[in-house]
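One structure below.
Please treat every number below as a calculation from the coordinates, not as lab data. Remember, it's a predicted structure, so these values are computed and weren't measured experimentally. Cβ atoms come from the backbone with ideal geometry, glycine included; neighbour counts cover every protein chain shown.
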Amino acid sequence: MTIGVLTAIGDTGREAALVSSLERRDLGVRVVRRCIDLPDLLAAAAAGSAQAVVLSADLRRLDRDALTRLAIAGVAVVGLVAPGDEEAERRLRQLGLTHVLPADAPPEEISAAVLAAVEAGPIGTITGPALGFGDPADALPLTAPAAQEEEPLAPGSGLLVAVWGPAGAPGRTTTAITVATELADLGSSTLLVDADSYGGVVAQLLGLLDEAPGLAAACRAANAGALDVPALAQLARTLSPTLRVLTGISRADRWPELRPAALEVVLAAARSLSAVTVVDCGFSLEQDEELVYDVAAPRRNGATTAALEAADVVLAVGSADPVGLQRLVRGLGELRELVPGAEVRVVINRVRRGPTGPGQPEPEIAAALERYAGVVNPWFVPLDIAGLDAALAAGRALVEVAPESSARAALRGLAASLVGVTLPERSRRRGRRAAPSRS
């Protein structure tokens, strides 16, 4: 079987020599088209005329988004770099290419790489980034300054927590901010990421200027193959020795900047930057864009999907009222279809007497969730209007302006459970999980 190959090599003389060598010899590959630029290459790949492509690092506008489109088209990729050009090789590997050769490699070696890439499959040739970890000083310490004797963070070992909730403003962002700040206060180095593609407000709630969204910049760097851990550390705002924030887009029309493939790279780097990464996600899980278009179109909800699929733990936030609980039950069904293997922890926010009846709300809500969604032991967060209003007015977290808040105590317990920290009994009195009703 002969493999059809596309070529897109900037040095036309070298490209002509390679094509001629492959045509003269039976090496299992055949060049079906020489592409003049990236749009020509993408069009040829989408037409299904080849199974692989050999391209050079100097191909104009080559980025991770283009490689993702090649993978969607079912085309395996082999990259060529000028001999001795370590920077070009590093960039291709950070873009996710696993098969990279010097441009002067013999035709036999190039054809063998093409065959191996096709055997691995298009997705197998474009993987996560080969991130450079740089100077360890660029990453936040794993623990608080008082416990520096602990082991440093191993590359890629950080915990990724996605905070999601259905439509209706159940308090996703407040939960994400409070959990992140409590994790930092407990001593875990933490990165808070605002990945809400409908317009994030993390920067506003924390009193930060958001003219240059850090996440959009990180996604651009990832798409260009220029993102590593030190670069991510520079793009994130440092709020304390153990807390960084990657601000999001404040305008909903900027959602195309949060490409899923690029966000995956950002989150992979985040695992090496901080012990815990908390991602504030958008509400919508719809996948309609893939049904409407027959080409690789931008997906508005792709950032949310990418974050949820990458997460180790998903905090599903719902509001403690009949409408909010109904939305949560329906949303949990969609969430389980999207990420069936994820660990989902249900957080019931704004718990108070009244909306669910005259009795204690926790047992009633727990019984309803167990009956209609199979949820046991949800985490309850009381409604603390005074504390939350004080935090909103000051542009600060609850730990700073309302340390005695009942909502803060509940979310501190949740944060502690994520990293296996045992809190003193006094700190656990509020916000603990309620036992499900036996009724």
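How high is the FRET efficiency from Glu400 to Glu109, r the C-beta distance, R0 51 Å, rounded to 0.05?
On the way: r = 59 Å, r/R0 = 1.16.
E(calc), rounded to 0.05, equals 0.30.
Mind pulling the angle between the C-alpha long axis of helix 172-185 and the longest principal axis of the chain? Nearest 10 degrees, somewhere in 0 to 90.
For helix 172-185, the angle is close to 90 degrees.
Within the chain, what's the longest stretch lacking GluC sites (Glu not before Pro) that sit in DSSP loops with no more than 16 other Cβ atoms inside 10 Å?
1-148
Which label marks the calculated value of Kirkwood radius over Cα pairs in Å, given the options (1) 23.5; (2) 25.4; (3) 22.0?
So the calculated entry is the one marked (1).
Please report the projected area of the range 218-264's Cα convex hull averaged over all directions, in nm².
On the way: hull surface 14.9 nm².
Mean orientational projected area (the range 218-264, Cα hull): 3.7 nm².
Rounded to the nearest 500 deg cm²/dmol, what is the calculated helix-only ellipticity per residue at 222 nm for the chain, with -39500 (n - 2.57) per DSSP H run of length n ≥ 4?
When only DSSP H runs of four or more count, the value is -12000 deg cm²/dmol.
Please give, to one decimal in nm, the separation of the simple spin-label points placed at Gln360 and Val32, each 7 Å out from Cα toward the Cβ.
6.8 nm
Give me the angle, in degrees from 0 to 90, between the Cα long axis of helix 406-419 and the longest principal axis of the Cα atoms of the chain, rounded to the nearest 10.
In the chain, helix 406-419 runs at an angle near 40 degrees to the longest axis.
If R₀ is 60 angstrom, what is the calculated FRET efficiency for the pair Asp58 and Ile385, using the beta carbon separation as r and rounding to 0.05?
0.55
Show me the trypsin sites (Lys or Arg not before Pro) within the range 25-60 that DSSP assigns to loop and that have at most 16 other Cβ atoms within 10 Å of their Cβ. Could you put the intermediate results ahead of the total?
Numbers: sites: Arg25, Arg30, Arg33, Arg34, Arg60; in loops: Arg25, Arg60.
Within the range 25-60, the qualifying trypsin sites (Lys or Arg not before Pro) (loop, at most 16 other Cβ atoms within 10 Å) are Arg25, Arg60.
Mean separation of Cα pairs under 8 Å and 6+ residues apart, divided by the residue count of the range 3-120: what relative contact order is that in percent?
Reported relative contact order: 27 percent.
Using the basic label-point model (7 angstrom from Cα toward the beta carbon), what is the Val419 to Arg251 distance in nanometres?
A separation of 3.6 nm, rounded to one decimal place.
Tell me the relative contact order for the chain as a rounded percent, counting alpha carbon contacts under 8 Å between residues six or more apart.
With pairs under 8 Å counted, the relative contact order is 14 percent.
What ratio of Cα Rg to 2.2 N^0.38 Å holds for the range 1-122?
0.93
What does the extension gain come out to for Arg330 and Ala43, with contour length at 0.36 nm per residue minus their alpha carbon separation?
Here the answer is 99.3 nm.
Looking at the calculated P(r) for the range 193-294, what percent of the C-alpha pair distances fall above 22 Å?
Cα-Cα pairs in the range 193-294 separated by more than 22 Å: 27 percent.
To make sure I understand, if each residue's beta carbon is the centre and we count other beta carbons within 10 Å, what order do Leu6, Leu392 fall in, fewest to most?
Fewest to most other Cβ atoms nearby, the residues stand as Leu392, Leu6.
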